[in-house]
Amino acid sequence: MLKILKYSFFDLIRSRWSIIYFIFYFISGFVLLYLSNDVSKAIVSLMNITLILTPLIGTLFGIMNFYNSREFIELLLAQPIPRKHIFLGMYSGISISLSLSLLLGMGIPFAFYGVFVSGQIMSLVSLLISGVFLTFIFTSISFYIALVNENKLKGFGVAILVWLFMVFIYDGIVLLLLIFFQDYPLEKLAIIISLLNPVDLSRILVMLKLDISALMGYTGAVFSKFFGNNTGMFISISALTVWAIVPTFFILKKSVKKDF
Amino acid sequence: MIEIKGIRKSFGKLDVLKGFDFSLADRKITAVLGPNGSGKTTLIKSILGLVIPSHGEILYKGTSIFNNWNYRKEIGYLPQIARFPENLRVSELLKLIEEVRNEARNSDELIRRFDLESYLHKKLYQLSGGTRQKVNIVLTFMFDCPVYILDEPTSGLDPIALIRLKDLIQYKKEEGKTFLITTHIMTLVEELSDELIFLLEGQVYFRGTYGELMTAEKEENLERAIAKILEKENVKDS
């Protein structure tokens, strides 16, 4: 598996798109830091970008990489290795290489700015952790979608819809629910709802660390009130871990049965 | 060495393989022929474990291949379409497959045979279709396997490379290797194959030597014999 991972990683890290992705974060990091001159504000702005962009890039790279490697996957499947190793290796290779673009692209500007002496290193770490989680989660979801759909166009459409739903539509539905049922106690429902969306969980994670109550939103505030910041962060990280494991499990299950 | 017992496979409502028995002759070259959609590639992919048949059994040296991957150590496979990760260099691709198979490769002679020395450090997206097919051939033959399965091996090759490939297959056969080849190039079948199987609508329509097919169909060349079979089938269908 590690061999496939290594080559999948090197194939992607050398592609133009990985470099563009890195440069995008690199420039955004510098610009936001030096314009605002405030680590917290820069982190909030970058969080808003990260929460939309990392799921999108994970989705696109996962699905494109799978469809583009169709013939190569067939060649690998004809080699004396178990199927599981091929798919786990490819999926991890893509996710790790995208995560590296993210970590370096954001990490370098902050290191230059002096985040290590600002006392806010943990806020940056929480942002990076949620970015890495989102990369893994959305890459695995799109990988699974590609495995299930032979038709590229349909696979692509479904993957984009999932991204759109998680990033934009979900929040709208939650807001409507909260308005409709405002006369009832909604805290528990709100917690369950946010556990069901990795993008929401990531936002809560970063917000709890930054401790800016005005920006937490309803679900963040509930998390903070119910669990306190530290337990809240622990719960959101645990839920994100589950989110990363479940689609991977489905990938393995599907890959064993599929005809190529 | 490879035995197929009553395998069936359908994709949705389409029955691609309709249950047939077949055993691959050892140390010979068997050509699988048939019109498009007759089940050639599905047959090959079933043997390699890429497609999982819904019924029947496939045995390699007497052991079932299902849920087994070790037997693929003994099979060299040349896929129909040569597409590889674009940003890898040719040399890296050779090394990748070597590492995946966990077996020392023997590629120098093959690289010389197909004039690939100057391409080794190029990235795969820079190569033409024919050159990628040559790389594909090197990947297949760089390991010493008892069985080689080649799916349309000649696609995109220039005449020189084609002659070198034929020589290579002959040489390997003399070494005692078993071949299963699908192709639409009839001259290749005439020149190389010891045995033919002709698939039609997911079943074995004819099995025998080239000479036997010619006698059976009273024709002088393979193309006409096959055209005749297909015409007969069309008449039957209508």
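Here are the numbers for the structure shown:
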| item | result |
| --- | --- |
| 10 Å Cβ neighbours from other chains, averaged over peptide B:95-102 | 5 |
| Gap separating the Cα centres of region B:127-166 and region B:52-71, nearest whole Å | 26 Å |
| Kirkwood Rh and Cα Rg combined as Rg/Rh, region A:1-109 | 1.10 |
| Relative contact order of chain A, pairs being alpha-carbon contacts under 8 Å that are 6 or more residues apart, as % | 26 percent |
| When the convex hull of its Cα atoms is projected in every direction, mean area for region A:127-260 (nm²) | 9.0 nm² |
| Rg(Cα)/(2.2 N^0.38 Å) for chain B, N = residue count | 1.04 |
| Chain A: angle of helix A:16-36 to the longest principal axis, Cα-based, in degrees nearest 10 | 10 degrees |
| Too-long pairs where the Cα-Cα distance tops 25 Å, listed order kept, from A:K6/B:K177; B:K123/B:K177; A:K84/B:K95; A:K258/B:K95; A:K84/B:K45; B:K177/B:K218 | A:K6/B:K177; B:K123/B:K177; A:K258/B:K95; B:K177/B:K218 |
| CD proxy at 222 nm, helix term only [per DSSP H run n ≥ 4: -39500 (n - 2.57); per residue of chain B; nearest 500] | -11000 deg cm²/dmol |
| Centre separation in Å (Cα based) which lies between region A:187-235 and region A:78-121 | 25 Å |
| Alpha carbon convex hull of region B:82-144, volume per residue in cubic angstrom | 73 Å³ |
| Magnitude of the charge dipole, chain A, Cβ model with Lys/Arg +1 and Asp/Glu -1, debye to 20 | 720 debye |
| Relative contact order, percent, region B:2-237 [alpha-carbon distance under 8 Å, six or more residues apart] | 27 percent |
| Mean shadow area of the protein assembly as shown over all directions, Cα convex hull, nm² | 28.9 nm² |
| Alpha-carbon centroids, region B:169-204 and region A:17-77: separation in whole Å | 49 Å |
| Expected-Rg normalisation [2.2 N^0.38 Å, Cα atoms] applied to region A:78-142 | 1.48 |
| Stokes-Einstein D for region A:2-257, Kirkwood Rh over Cα pairs, 10 °C, 1.306 mPa s (µm²/s) | 83 µm²/s |
| Listed residues B:S46, B:S118, B:S64, most fluctuating in chain B (Gaussian network, C-alpha, under 10 Å) | B:S118 |
| Degrees between helix A:2-13 axis and first principal axis of chain A (Cα, 0 to 90, nearest 10) | 70 degrees |
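We did not get these values from a lab; they are worked out from the coordinates using the rules stated. If you're wondering where the values come from, they're calculated on a predicted model, not measured in any experiment. Positions of Cβ are backbone-derived with ideal geometry, glycine not excepted, and every protein chain shown enters the neighbour counts.
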